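The values are calculated or read from the model by the stated rules, or taken from the named source; none is laboratory data. Predicted, not measured: the structure shown is a model, and the values here were computed from it. Counting neighbours? That spans all protein chains shown, and the Cβs are built from the backbone with ideal geometry, glycine included. In case anyone asks, the SASA skips ligands and DNA or RNA and just uses the protein heavy atoms, side chains included. Shrake-Rupley method; radii C 1.70, N 1.55, O 1.52, S 1.80 Å.
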Amino acid sequence: MKKIPKHIISALIISLVVIVLVIYLGFVFSSQKEAEPIYPGPGVTDIKMLSYWYPELKDTSGDTEVYILDSGVEGASMLVLGGTHPNEPSGFISAVMLIEWCEPEEGVLYVIPRANNSAFTCTDPLEAAPTRFYIETGNGERWFRFGSRATNPIDQWPDSEIYVHASSGQKLSGSEVRNLNRAYPGRTDGTFTEKVTYGITKLIEDEKISMTVDLHEASPEYTTVNAIVAHEDAVGLANMMLWMVEEDLTISVEQSPKNLHGLTHRELGDYTDTLAMLMETANPSQGRLHGKIDSDLVVSGKDKFYLRASSYGALTVPYSEDGISLTERCARHITCLIGLCDMYDGDDGYISLGWDMPTYDEIMENGIGYYLADPE
């Protein structure tokens with residue numbers, strides 16, 4: 001029997017290894033589309049898809065769940081956007097907490113936990129970010145997706161060298177063309193990302209949403225952090241809320257710049273009747289000064305390099321050995337949302353998130369996992 005040459009054997013082995021690797025990576029790639037479970041609480045009265053308001057999104061990665069919590073008592077309405085940037089997890093987790101815990105007593109609460117659903121299916125290139133992070137609840141661990149700042153390039157590609165915002169003509173870096181928070185108010189003949197923002201704008205118009213709050217995070221060295229950025233029509237409400245929560249929180253209110261376009265707090269305030277605001281908390285896993293990004297950094301917010309940077313005076317927020325935990329960041333968002341509802345007094349009535357919503361101190365004491373449903 002003729003002996004098989006060594007180079008052919010080597011080639012076969014290499015080919016087999018490549019095939020196994022491709023199969024494994026294909027499995028990892030496809031698993032990115034698996035969404036973590038969300039368990040609707042007793043306050044949820046309906047769940048619709050964003051395509052209900054804009055049918056062209058149906059069966060695309062841009063379609064996403066809209067949770068409706070209707071108190072049954074006529075009043076005002078609030079839309080909370082989580083997951084605009086899925087690498088800013090406190091916005092997403094705060095939205096999930098509202099879905100699983102909140103029982104409004106007056107008015108209607110709309111929650112979109114994955115505003116950019118596509119961006120949850122990828123991570124940012126070269127950031128070595130985890131695809132998941134984990135939170136302990138009262139009866140076990142739950143996993144959540146850590147995603148990208150931008151729409152998955154599979155859904156929208158290629159990026160242009162320069163991104164021109166359609167309605168204003170503003171020019172930005174081409175990479176911003178996949179940033180949901182640069183694409184408002186959206187358009188039907190635009191990019192995939194612009195179609196998603198059009199769907200959200202259409203929801204706000206059709207449902208006559210009283211106020212819209214977009215939940216975000218920023219790095220601890222960023223200038224606009226622990227802040228609310230409000231459209232000029234919403235600045236008065238934001239300042240009233242600030243007065244209400246200042247005993248628990250150090251937070252600032254900034255008016256939306258009129259020359260910065262595409263963002264929720266500018267375009268939704270200009271193009272709809274909603275009071276548009278955006279909230280920022282300090283996220284150590286998002287900045288440029290941290291060490292390894294893993295689930296522990298995302299959840300605990302503890303990082304030795306940020307601690308060192310703080311000692312040099314390089315940060316814009318206080319930072320200690322306790323870090324800036326996901327619990328603290330969610331507590332900020334929830335406390336401000338409650339305050340906005342308590343201070344709102346519009347022609348369409350009032351909105352109340354309910355008597356059982358926890359205070360800032362209660363969330364800090366119990367941990368965010370206490371207010372999430374136990375895993376099935």
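The modelled label-to-label distance between residue 356 and residue 23, using points 7 Å beyond Cα along the C-beta direction, is 4.9 nm.
Count the DSSP beta bridges whose two residues both fall in segment 173-308, then state the antiparallel fraction as a percent rounded to the nearest 5. Once the DSSP bridges in segment 173-308 are tallied, antiparallel ones form about 25 percent.
Most simply put, the chain has about 50% antiparallel DSSP beta bridges, counting only bridges with both residues inside it. Seen from residue 205, the other residues with C-beta closer than 13 Å to its C-beta sum to a net charge of -3, counting Lys and Arg as +1 and Asp and Glu as -1.
When restricted to Cα atoms, the chain yields an Rg and a Dmax of 21.9, 92 Å, respectively. How much FRET efficiency would the formula 1/(1 + (r/R0)^6) give for residue 134 and residue 172, where r is the Cβ-Cβ distance and R0 is 41 Å, rounded to 0.05? Step by step, r from the Cβ atoms, then E = 0.75.
Just the number, please: carbon plus sulfur as a percent of the accessible area of segment 282-360, 1.4 Å probe, no ligands or DNA/RNA counted. The nonpolar share, carbon plus sulfur, comes to 49 percent.
Can you classify segment 236-371 as rounded, prolate or oblate using the Cα gyration tensor, where a ≥ b ≥ c are the square roots of its eigenvalues, rounded means a/c under 1.5, and otherwise it's prolate if a/b beats b/c and oblate if not? Oblate shape, in that a/c is at least 1.5 and b/c is the bigger or equal ratio.
Could you order the peptides 304-316, 76-88 from most to least packed, using the average number of other C-beta atoms within 10 Å per residue?
Values: 304-316: 15.0, 76-88: 25.2.
Result, highest mean Cβ count within 10 Å first: 76-88, 304-316.
Working note: Cα atoms of segment 168-248, range along each principal axis, descending, whole Å: 47, 36, 19. Extension gain, residue 243 to residue 366, is 41.8 nm, computed as 0.36 nm per intervening residue step minus the present C-alpha separation.
Could you check which residue among 234, 35, 128 shows the biggest mean-square fluctuation in a GNM of the chain with a 10 Å Cα cutoff? Per the Cα network of the chain with a 10 Å cutoff, 128 tops the list.
The lysines whose alpha-carbon is closer than 28 Å to the alpha-carbon of residue 33, local same-chain residues fewer than 8 away aside, are 48, 58, 195, 202, 292. Highest GNM mean-square fluctuation among 18, 196, 164, for the chain modelled with Cα contacts below 10 Å: 18. Across segment 34-132, Cα pairs under 8 Å and at least six residues apart give a relative contact order of 33 percent. Measuring nothing but how far apart in sequence close Cα pairs (under 8 Å, 6+ apart) lie, relative to its length, the chain scores a relative contact order of 18 percent.
Per-peptide packing, taken as the mean over residues of other Cβ atoms within 10 Å, places 208-214, 184-190 in the sequence 208-214, 184-190 from highest down.
Think of a 1.4 Å ball rolled over the protein heavy atoms: the chain then has 46 Å² of accessible area per residue.
Note on segment 1-121: with charges restricted to the Cβ of Lys and Arg (+1) and Asp and Glu (-1), its dipole about the Cα centre is near 1560 debye.
Could you tell me which residue out of 66, 315, 129 lies farthest along the dipole of the chain toward its positive end? Charges go on the beta carbon: Lys and Arg +1, Asp and Glu -1, centred on the Cα centre. The Cα lying farthest towards the positive end belongs to 129. Once the Cβ-Cβ distance of residue 14 and residue 47 is raised to the sixth power relative to R0 = 45 Å, the FRET efficiency obtained is 0.35. With contacts taken as Cα pairs under 8 Å and at least 6 residues apart, segment 225-348 reaches a relative contact order of 28 percent.
At an R0 of 51 angstrom, the distance between the Cβ atoms of residue 7 and residue 296 translates into a FRET efficiency of 0.65.
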